[in-house]
1. Identify, from the list A:46, A:102, A:66, the residue that is over 28 Å from residue A:206 (Cα atoms) and away from every other protein chain (no Cβ under 11 Å).
2. Which residues, taken from the range B:22-39, are crowded, with 20+ Cβ neighbours inside 10 Å and in a strand (DSSP E or B)?
3. Quickly run through the range B:87-97 and pick out the residues that are facing another protein chain (nearest Cβ under 10 Å) and either under 27 Å from the mean Cα position of the chain (by Cα) or closer than 23 Å to residue B:149 by Cβ (or both).
4. Listed residues B:277, B:199; which is touching a residue at least 12 places away in the same chain (Cβ under 8 Å) and part of a strand (DSSP E or B)?
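We did not get these values from a lab; they are worked out from the coordinates using the rules stated. What you see is a predicted model; the values in this text were computed from it and never measured. Neighbour counts run over all protein chains shown; Cβ positions are idealised from the backbone, glycine included.
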């Protein structure tokens, strides 16, 4: 498993460095972009690019021929997806604290994660990964899978916009930079007690279901 | 003991079917898999490596089901191309692949790296076809496999390295009692090193014999065109007739042609002769089936 995660890190080395390490804080600091949305937008291309690399090189033929269980090959990508979510989120949290500390006198109102936001983000990340990965296993054409994924993500984002705007109290305007604060409010508003445990269980269930589906497809498919 | 056994393997794909394949690969020998393009050689190898699932049947490798990934600790593979991320270097490939194998031999890896003249830090996308094949071989050999499976290993190799490769494989067979299973179009290579031959055509096994049996049983018979008619044609597995003469593949004791004396030339059949005549004959038979 660790070897396969290491391979994904190698494959994402430059994308990871440029997108996560440089662009993520830059977008946050310079134009105060919504960081949770930004984080989700980072995960998708990073995971997709791995499937693109697999597709282009047919490297799965070599990986499967090695002494590693097929289920582990599938699970490693889920683990890698969650690793990006957690590392990028902690990095954003750290940058947020540094920025707030450095600019506390300027009056800027930067959104910094607390434990509720972090729980929500990990769960959202798990759901995004759970949607993203099986698509690439189910559809043999990388480009078709990517188009379907973009459509699904757009529909999810668009349908969540109205509740987010409502819950954050934006009545006659939409201020996109502040919309991320609404995710935890939405969780607390719509999920029964205890909301974060309920959210975590739901996300874990979806994640597990998605992983089992991917494993099944991967095992049955010819490579 | 057999290094691999395929029992009643059936595989149906959109444009290709394989029915009831039964095949054994004896341990400690070189077995060659021959057949024309699209006959099912790569499909068999991919099923053995777990890349494709047979619809029916069982595959055992080194006495264990091929579904058990642990058996691959003892198997080295060389695909028909280097299926690896093209911006990886050999160094990166090694850091990814080596930890999977408990018997990884770093000294052997370094020795082959040097022997094959491969650059350690250069991206594989800059490699020639021959370098890619050498790279595949490097990783296949470095964990000292008991059983080496190769799909068209000579593809893209220059004649010098091809010869060196065959010598290397032969040397390993003698010294380390490894089992080698390889598919190839270069039947001349197999004439040199193979102990057993499996001949596959259009998804079914045509022949499965030792090289000794093949040499003993199959002969190419050449003679004048007027010597061949409908009855004598029946004696041959396949015949090619031109204005100047006929060439036929004969299976059996060639002593029956002794009566013709010097009018007939009899030679031991090469694998290429065998493949050519059998494939041609099967193709003609299937065309006739379609006609009638």
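1. Criteria check complete, one pass: A:102.
2. The answer is B:23, B:25, B:30, B:31, B:32, B:33, B:34.
3. Residues satisfying the conditions are B:88, B:93, B:96, B:97.
4. Just one listed residue meets the conditions, B:199.
Here's the yes/no breakdown for (1) over 16 Å from residue B:205 (Cβ atoms); (2) facing chain A (nearest Cβ under 10 Å):
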position	(1), (2)
B:23	no, no
B:34	no, no
B:45	no, yes
B:51	yes, yes
B:56	no, no
B:62	yes, no
B:67	yes, yes
B:77	yes, yes
B:85	yes, yes
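For (1) closer than 13 Å to residue B:271 by Cβ; (2) touching a residue at least 12 places away in the same chain (Cβ under 8 Å), each residue gets a yes or a no:
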position: B:168; (1), (2): no, no
position: B:181; (1), (2): no, yes
position: B:214; (1), (2): yes, yes
position: B:221; (1), (2): no, yes
